[in-house]
Structures are given as C-alpha cells and as structure tokens.
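Structure in structure tokens, see below.
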Amino acid sequence: MAILDQQLLNGAVLPSERGVHNVLLAACGAVGFDIHDAGANVRKPAAARELMGLPTASQVCIVFVDGLGFHQLDACRGHVPAIRGLGEWRHITTIAPSTTASALSSFSTGQLPGSTGMVGYSVRVGVRRTLTNLITFKNSPIPAQEWQPQPTIFELLGERARETVLVEDPAYQNSGLTLAAWRGAPAVFAKKLPQRVDLAVRELQTGRKIVYLYWGNLDRRGHKYGVNSPKWLAELELLDAEVGRLAREAPRGTLIVLTSDHGMVEDSEKLDIAHEAELDRDVSSVAGEERAFHIYTPDPDSVAQRWQRVLEDRAWVLTRDQVEAIGLFGSLGERARSVIGDVIAFARGNTGFVDSRVLSQSALALRGVHGSLTELEMHIPWIAELV
C-alpha cells in the first residue's frame, strides 16, 4: 500500500496481510496442501499458515460467522462459554470495503477486491442507473462467473479440492455469489445450524481435510434488530452452543478456526442525500451501502471536496483515483476500475448515507450496518484451537 496522506485516512483501520484473504490459504497450509500457477498475488499455503500463526493439523474446520466482529464478540464474552474455551482470542482484518460479497470472494481466491471486481454490495455498470447487486447478481449484464475472473483456491487445488467441502444454506446453491466465489468446491447443504454442525462432523469423520461451515443468521439479526439486541444475543448463544458441540464431536486432531467477514455498527444518524442539497449536488447516482457509499458524478474532485467539507470528521471521502493510488482495494483490474464510484464516502462513527429515492423501506430501516474502515467493522475474530 502506498504511503498515506494521514489527513486522508486518519484513524482508519486498513486491510493487512494478516487478513481474511489469507485464511483459506492458511488452512490449506495447515493440512499440507499446495497450489500451483496461482500468480504473484496469491500467497503460497505454507507461507500463509506461518503468516496467520496456524499449527499443522490433520484436518481443519473453518467456522465462518457472517457479521461477527471481534469487538462485538469480545463485549459478549459472558454469552459464549464454549468459544471462550477455544483458545487465545486475537483479531485479524477484513478487506475494504468491509462487506460480505467483497470479503467472501477474497477469502475464496486469496485476492483483494480490486482483482476480483467484488468491490461492494452493489455497483453501477456503465451509465445505467440500474444497479448490479454483487451477492445476487440481480440486474447484472455480466454472468457472475465472468464478473469475478480470478480462479478460486478450490480450482487451484485441482484434484485435492475433493478433500474439501462447503457446508452451506441450500438457498445459496448456484446463487450469484456462489458462482463468483466458490467455483470448484464440493458442497453439502442444510438450513439450520445444528444440521450444519452434524454435516460438518460427518464430513470430517469421512476424511475431508478442510470443512468450511458458514452461518449467516447472526448478520441477519444484526441488520434487522441491531448488535446486542435480545434476538442478536440469542443467536450468538445458539452459535456458541453449536460451536461447543462441534469441538466435542469433531475427530481428535481437528483444528477449529473461528472467523468472520466483517463487524457491524448501529447508525444513529442516517444522512439521506435526497434531503441534503449540498451532498446531492452533481451526483448522478449512488451504489454500495450506507457505510461505503459509491457516488457517481461527472465532477469527482468537486463532489469529494464538498462532501468532506460538509461532513468533516463524519466520513473519509476518497475519489476513485485516490482509492487506486492508495491501493485500498488492492490493484484495480479493469472491472473494478470501471464500476466503483467516482467518489466513495466511508462513514465514521455512527453515521450512514442513504438515498430514499432509490432504496427500499427495508434497506432504509436497517439497524446494523457495515462496509467502512472503523475498528468495529474491520477487526474480525481469529480464534484457532486443536481439539
């Protein structure tokens, strides 16, 4: 990453090499897998294992909890006795923007969003005002498997990919994000968390070397009800109970790794640019999400300066050229460069940005949000234990 103008991103948490994009590679290194022809941007598994501090193991089960930030987990230690017993609690960073489509595709490829093209929740393609959602790929003029051109780690594993498995929600089978991020990975499906733990244990017992267990309900509860709400805490306690059961029932010698894609904050101030004339001036359209707001405009320098002047310390405001020069998303490929906003506003504190002219009522009503560069969003758990 280039030397930063400290005023530009003062106080921001930036992606680090000890980050989500090296987690799956580190797991491969832990079980002795190697990959070939990955290119210069992808770390070798053995090097990733050393970087991430994992021991060697006969098998690895990655428990990937959508929306579980390190600081949110740390504040709720009393609710998670099983996770508390898994070993040393540390944190790593997610990538920028701190959102699911970007983080999962970086996890599965070992590359940053600038290379994968997965640069936010939604983006504008060309001059159309219709947005492409990078989770569902709704309204995308480009198929998901073409949009994200980088080979997945599963594809790079070749025949050894058969020794891995995803334990997923059946709703995600052949979804846009699955086609973009999980090509080459065998998968089994169950709706409820206890059933997924049953499947993970079964797959480990049959000899799978790497099992990836995904759980997304905590993220949903956080979005709808807020972090630390009673329903969020109940979901966290269910997760803890099932992680405890996984640790008891997994074959001995299994390395359990618990991590996530991003944390979450609750916005107390939602700035609706439909009612903020200074912020709306010269804006053609918007995309992204309220904590990482992509702004499309014919005059990016003026818009960025105006937004920063109006918002002061409530946002980090960067032009696309600054994002590229800093390397915030990694090196920008052609796809990423063509679709990210001319300006991106990363929210600070508890501010968010919305446009009520284009967002649904459910989107406007979100309690928990993410996408920006704060500690609460960027720091994710890194807990690993041999059982």
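Roll a 1.4 angstrom probe over the protein heavy atoms and tell me the percent of accessible area of the chain that is carbon or sulfur. It would help to have the intermediate numbers written out before the result.
Values: 7300 of 14840 Å².
Of all accessible area on the chain, carbon and sulfur atoms account for 49 percent.
Å³ per residue of the Cα convex hull, for segment 291-356?
94
Quick one: dipole size for the chain, taken about the Cα centre, charges +1 on Lys/Arg Cβ and -1 on Asp/Glu Cβ, in debye to the nearest 20.
I would put it at about 960 debye.
While we're on this one: At 4 °C and a viscosity of 1.567 mPa s, what translational diffusion coefficient does Stokes-Einstein give for segment 131-280, taking Rh as the Kirkwood radius over Cα pairs? Give it in µm²/s as a whole number.
72
May I ask for the net charge around PRO194, where only other residues with Cβ less than 11 Å from the Cβ of PRO194 are counted and Lys, Arg are +1 while Asp, Glu are -1?
+2
Additional query: According to the Kirkwood expression over distinct Cα-Cα pairs, how big is the hydrodynamic radius of segment 13-123, in Å?
15.0
So what's the net charge close to ALA144: Lys and Arg +1, Asp and Glu -1, counting the other residues with Cβ under 13 Å from its Cβ?
Neighbour charge sum, excluding ALA144 itself: +2.
What is the distance in Å between the Cα centroid of segment 239-284 and that of segment 331-387?
When both Cα centres are located, 9 Å separates them.
Using a probe radius of 1.4 Å on heavy atoms only, what accessible surface per residue do you get for segment 40-129? Whole Å² is fine. Show your work: numbers first, answer last.
Working: 2860 Å² over 90 residues.
Per-residue accessible area for segment 40-129 comes out at 32 Å².
Next question, about the same structure. Counting only helical runs of four or more DSSP H residues, what would the 222 nm mean residue ellipticity of the chain come to if each run contributes -39,500 (n - 2.57) and the total is spread over all its residues?
Only helices count here, giving -9000 deg cm²/dmol.
If you average the alpha carbon positions of segment 44-113 and of segment 141-156, how far apart do those two centres end up, in angstrom?
What the calculation gives is 23 Å, centre to centre.
In whole Å, what three semi-axes, largest first, describe the equivalent ellipsoid of segment 248-387 built from its Cα gyration tensor (square root of 5 times each eigenvalue)?
So the equivalent ellipsoid measures 33, 19, 13 Å along its semi-axes.
Evaluate the relative contact order of the chain (contact order divided by residue number), counting alpha-carbon pairs under 8 angstrom at least 6 apart; express in whole percent.
With pairs under 8 Å counted, the relative contact order is 27 percent.
At 37 °C and 0.692 mPa s, grab the translational diffusion coefficient of the chain from Stokes-Einstein with a Kirkwood Rh over Cα pairs, rounded to a whole number in µm² per second. The partial results should precede the final answer.
Working: Rh = 20.9 Å.
Answer from the Stokes-Einstein relation: 157 µm²/s.
Using the Karplus curve 6.51 cos²θ - 1.76 cosθ + 1.60 with θ = phi - 60°, what ³J(HN,Hα) values do you get for each residue of segment 256-272, in whole Hz, with x for Gly and Pro?
9, 10, 10, 8, 7, 9, 5, x, 7, 10, 10, 7, 9, 10, 10, 8, 8
Ranking request for peptides 284-291, 84-91: highest mean number of other beta-carbon atoms within 10 Å first, then the rest in descending order.
Output ranking for 284-291, 84-91: 284-291, 84-91.
With contacts defined as alpha carbon pairs under 8 Å and 6 or more residues apart, what's the relative contact order of segment 171-239 in percent?
Result for segment 171-239 is 17 percent.
Between ILE92 and residues 5 or more places away or on another chain, which pairs have amide H atoms under 5 Å apart, with H built 1.01 Å from N, and which residues are they?
Those lying under 5 Å, H to H, from ILE92 are ILE380, TRP382.
Compute the acute angle (0 to 90°) between the alpha-carbon long axis of helix 193-205 and the principal axis of greatest extent of the alpha-carbon atoms of the chain; round to the nearest 10°.
Helix 193-205 sits at roughly 50 degrees to that axis.
I've got another one for you. With an 8 Å cut-off on Cα pairs and a minimum separation of 6 or more residues, tell me the relative contact order of segment 49-133 in percent.
15
The values are calculated or read from the model by the stated rules, or taken from the named source; none is laboratory data. Bear in mind that the values here come from a model prediction, so they are computed numbers and not experimental data. All Cβ positions, even for glycine, are placed from backbone atoms using ideal geometry, and neighbour counts span all protein chains on display. Just the protein is used for accessible areas: all its heavy atoms, side chains included, with ligands, DNA and RNA removed. Shrake-Rupley method; radii C 1.70, N 1.55, O 1.52, S 1.80 Å.
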